[in-house]
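One structure is given here, and the rest of the page talks about it.
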Amino acid sequence: MITFRLPWWAFCAGLGVVIAASTIGARQSIESALYLWGVLLLLDGCLGTRILPGLTPHASYPADWRAIEKNLYCRKQGIARIAVSVALAGSLCIGVELAGQSDLTNWYSLGAIVGWCGLWLVAALSAIRDALAND
């Protein structure tokens, strides 16, 4: 069984952000943004621990697993995903501040989560291709 370590860090960080958002007494806009960011990190960790091993059936060596993990979490795919998650949470914060908590912000959050899954899948496949390429 393939085991990846870095997705667990993303999962734990997301859990910490969600717990922090529920315990600190911040404005509703900041709290909503923290919840969204925490959920995106939790989702990143869940997809990394559950889906990523299934996407890599041909990575037969631990060095290949570690290369895929580094490509997905530490290199440009990981940095881009973190930047996108912060941008999504920040835009939700601005939206809640301007429009208040409404159905529109709920749909935005749902769209951000679904879009995040698609972005994660594209980044994972790109990381697998880069790690297993025969250059």
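A few remarks follow.
- Taking every alpha-carbon pair under 8 Å whose residues sit at least 6 apart, the stretch 6-132 reaches a relative contact order of 33 percent.
- Span-rule helices in the chain, defined as complete DSSP H runs reaching 18 Å or more along the axis (Cα) with Kyte mean at least 0.5: 6-23, 28-50, 76-99, 103-132
- Centroid-to-centroid separation of the stretch 83-113 and the stretch 26-58 [C-alpha atoms, Å]: 16 Å
- Dipole size of the stretch 6-135 about its Cα centre, with +1 on Lys/Arg Cβ and -1 on Asp/Glu Cβ: approximately 220 debye, rounded to the nearest 20.
- Contour excess over end-to-end distance, with Cα ends at Thr23 and Leu132 and 0.36 nm allotted per residue: 34.9 nm
- Separation of the Cys12 and Cys117 label points, Cα + 7 Å toward Cβ, nm: 2.7 nm
- In a fully extended conformation the segment linking Asn106 and Ala80 would gain 7.0 nm over its present Cα-Cα distance, using 0.36 nm per residue.
- When the Cα positions of Ile24, Leu52, Leu132 are compared along the charge dipole of the chain, Leu132 comes out farthest toward the positive end, with charges on each C-beta of Lys, Arg, Asp and Glu.
- Among Trp116, Trp107, Trp37, the largest mean-square fluctuation in a Gaussian network model of the chain, built with springs joining Cα atoms closer than 10 Å, belongs to Trp107.
No lab work stands behind these numbers, since they all come straight from the coordinates. Please read these numbers as outputs of a predicted model, since none were measured by experiment. Using ideal geometry, Cβ is built from the backbone for each residue, glycine included, and neighbour counts are taken over all protein chains shown.
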